[in-house]
Every structure is written in C-alpha cells, then in structure tokens.
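Structure in structure tokens, see below.
The values are calculated or read from the model by the stated rules, or taken from the named source; none is laboratory data. Note that the structure is predicted; figures quoted are calculated from it, not measured. A quick note on method: Cβ atoms are made from the backbone with ideal geometry, for glycine too, and the neighbour counts reach across all protein chains shown. Remember, those area values only see protein heavy atoms, side chains included, never the ligands or the DNA or RNA. Shrake-Rupley method; radii C 1.70, N 1.55, O 1.52, S 1.80 Å.
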4 protein chains.
Amino acid sequence: MGDLDELRERVRQFSAERDWDRFHDPKSVLLALVGEVGELAELFQWLPAEAAATMAAEEPLRSRAGEEMSDVLLYLILLADVLEIDLATAALAKLADNARRYPPGWSPG
Amino acid sequence: MGDLDELRERVRQFSAERDWDRFHDPKSVLLALVGEVGELAELFQWLPAEAAATMAAEEPLRSRAGEEMSDVLLYLILLADVLEIDLATAALAKLADNARRYPPGWSPG
Amino acid sequence: MGDLDELRERVRQFSAERDWDRFHDPKSVLLALVGEVGELAELFQWLPAEAAATMAAEEPLRSRAGEEMSDVLLYLILLADVLEIDLATAALAKLADNARRYPPGWSPG
Amino acid sequence: MGDLDELRERVRQFSAERDWDRFHDPKSVLLALVGEVGELAELFQWLPAEAAATMAAEEPLRSRAGEEMSDVLLYLILLADVLEIDLATAALAKLADNARRYPPGWSPG
C-alpha cells in the first residue's frame, strides 16, 4: 500500500472514531484546508525571501513548517477521499500533462 | 519507494529539466500553492453545500477537481523538498499528535 | 457616504439585478474570496521578491493586480454585507486594538 | 476623504511608527493576507452552510468575524499602498467591467 493510501486509511479511521464524517462536505473540508494554508503562510510571511529556506532549516520553524504542511496534506487527502478521487493516480496524470504543456526549454515569452 | 517519494522524484526531475529550481524559494512556492488552492475553491464556490459531493462525482467537475487537487499536492511536495521535510513522516507524526489532542469522544464544549 | 458604503450599495444592486443573492451564503462567498486571492497570488508568485513592487508598477501587471485586488475587496464587502458587519467601523476598531497590542518599539523577541 | 483613504493613512502611520515598512514587499504582504483569510476560513469551516449567517450573527463569532475581515481589509489596503494602486477607483472600474461581462439575465448555460 502506498503512503498516500496509508494516510487516507488513518485519516478515515481518525474521523470515524470521532464521528466527524458528518462535518466533511467538500466545501467545509476545503475551507479547513484554506485555514491550514493560512497557518503555513504565517510562518513564512515576514522572512526575507532569499533567507527563508535557511531559516526554515532551524528549529522551531522546521517542526512548525512540517506540522502545518502535514495539516494541509491531511485535509487534501480527506477531500480526495470525500470526492472518491485517487490522489496518487491524479497527480501522476497531472505531471504527465504538465510535461506535455511545458516541454523542456519552454519559456513564457 | 512510497508514492510521495516517487512524486517528489518526478517533481524534481520536471523542475531540473526546465531549469526552474532557481524560482523555487519557499515564499514563491507557497504563493503558487495558494494559487492552486484558489483554483480548487473556484470549482466549488457556488455549489450547494449538501449537493457538492454528488455534483463533483460527475464530469467535467470530477476531472477538474482531480487536476486542481493534484496541483496543490505537487506544490506541497515541492515545498517539502525545498525545505528538506519528509512529508509522509511528518504527516504520520501529526496524525499521532492529533489523536492525543482530540481523544475519541472529545468535544469542543 | 463613505466609499466602502458606496461600493456595498453597488455590490448589492449588482447582485439583486442578477438574482444572485440566493448563492451568497457565507461559506460560498468566502470560497469565492479565496479564489480571487489565489488569482492575485498567481500574479506575484514567480517574481523576484525585491523586484516585485517595481515590476508591478509596469503594465500589464499593474492593471491585472488592480483587478484582482478589486475582486478580493468586492467579495470581502459582499461577505460583510451578508454578515451585516460594518467593515469601516470594524477595521478602525481593529487598528486601535493592534496599536494597543503592538506599541511603537514593540519587538517579537 | 473616503474611508479607504482614511484607513490607508492610518495603516501607513501604524507601520511608520513601528519601522515595519522594510518588511512590506508585495509577496510578504500577500502571504500575510493569505494568513488572515485562513483565520477567517477557520471561523466558518465547520458551520452548517445554511445556518452560517445566523450563527455568525451571534457573539462571540460576530466580533471574531469582524476582526478577521478587518485584518484581510487592512492587508489589502497595505498591499494597494505598496503597489500605489487606488483601491476605490480600481474597485469601481472592476464593478463596471463586471456589469458589461455579466449583463442582467446572463446565465452560465
């Protein structure tokens, strides 16, 4: 089982044990994802652009970034589950599509 | 190799073949992720909440949702790679942490 | 009448003339606002941080940024109207509150 | 002076008194706006869609929503100021443009 599948199983179990499935319509889960993206943005907003990666390699920012990115991923996995979309398959297809649209050497000019 | 690792490898290769790594500081990738979350939101914004899942099971919305969710995932994987964070490990740890903070039966009251 | 009030009146009239009020529950309007924030982010995502302001002073980016910022503002005004919140009053109160929380000379250290 | 102009003057003064202008490049301010949109989303995410407006009319949610919407507005005003865009003028022009694109009776079908 791939790790996205494993995470989906755990997200399902977590939600079922708390009877939270009833809250998980697509628009609600999407707003929850937006909330987590906002928390991630708050970690980086005032960092100098060119130093952000270096600063994010230090604690406590490193752990905080990992947590907020995890929250984004977990809500994305939940949304995909609610919509019965296989994220791994969809993402591989999208990468292949991107490769066709932007061949190596492509430039926007 | 897990599917998040596989996607990360493909994202790396895609970026390297186009010499796009130079654009991938954390704040830029984060804004790109915000852009994709916005496109995902636009698909669902005016759907009736209780009918959104059913409507999203039909084409063309189903494919569009899968594409936008894939874009969110791919930028999240790219951001994790830039920050040298292992998303699968971080997400499993966050789920375990959530389970401690919200034991089954927990209510916000 | 202040310009936020004037914009609210025009947003109301625009919506009423198209019978769009029925779509304007808070979560839907909020997702529409997220969509516009995403479009704004897409304009800036790959610009070098230190050159972004200068580049955004040139057309066509200048007009595009004004349009996307306008869309964000118009959905914010619509959301405030749906929630019967006076944005100008609320924003002045929030600025006064911020001034108390962050006195001049305050630092996060 | 319109209320958007007045708010801009106060935002400028607030920032100048704290010497925060140096942090206010467009991408940083945009990420701060994303952070506030995320906080606004968190207030509404789990509310039932059809009851959200009624629930948001009650305290403490009413005040919380006003505060988060104010933060979104204040960062939008700051971003417009950094970009030297007149928000009120831009929003009126966008509304006129929308009226042309979506004449009354327009439907997406």
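Answer yes or no: is there a residue in the range C:35-55 that is within 24 Å of residue B:48 (Cβ to Cβ) and more than 18 Å from the chain's Cα centre (by Cα).
no
Just need a number here: residues in the range D:60-89 that are facing chain C (nearest Cβ under 7 Å) and in contact with an Asp or Glu (Cβ under 7 Å, 6 or more places away or on another chain).
3
Sticking with this one: Only one of (1) facing chain C (nearest Cβ under 10 Å); (2) out of contact with any helix residue (DSSP H, G or I) (no Cβ under 8 Å at 6 or more places or on another chain) fails for residue B:32. Which number is that?
Condition not satisfied by residue B:32: (2).
Among the helices (runs of 4 or more DSSP H) contained in chain A, which hold 3 or more residues that are open to solvent by 20 Å² or more (accessible area, probe 1.4 Å) and closer than 18 Å to residue B:8 by Cβ?
Details: elements: A:3-18, A:26-44, A:52-56, A:61-82, A:87-101.
Per the criteria, A:3-18, A:87-101.
I'd like to know if the range A:43-55 contains one or more residues that are in contact with a helix residue (DSSP H, G or I) (Cβ under 7 Å, 6 or more places away or on another chain), more than 10 Å from chain D (Cβ to nearest Cβ) and over 25 Å from residue D:40 (Cβ atoms).
yes
Look at the range C:8-19 and say how many of its residues are at the interface with another protein chain (Cβ under 9 Å from one of its Cβ atoms) and under 23 Å from residue D:41 (Cα atoms). Can you show your working first?
The initial filter retains those residues of the range C:8-19 that are at the interface with another protein chain (Cβ under 9 Å from one of its Cβ atoms), namely C:10-11, C:14, C:17-19.
Those left that are additionally under 23 Å from residue D:41 (Cα atoms): C:11.
Of the residues in that region, 1 qualify.
Looking at (1) more than 30 Å from residue A:51 (Cα to Cα); (2) in contact with a Pro (Cβ under 7 Å, 6 or more places away or on another chain), which one does residue B:83 not meet, given that it meets all the others?
Among (1) more than 30 Å from residue A:51 (Cα to Cα); (2) in contact with a Pro (Cβ under 7 Å, 6 or more places away or on another chain), the lone unmet condition for residue B:83 is (1).
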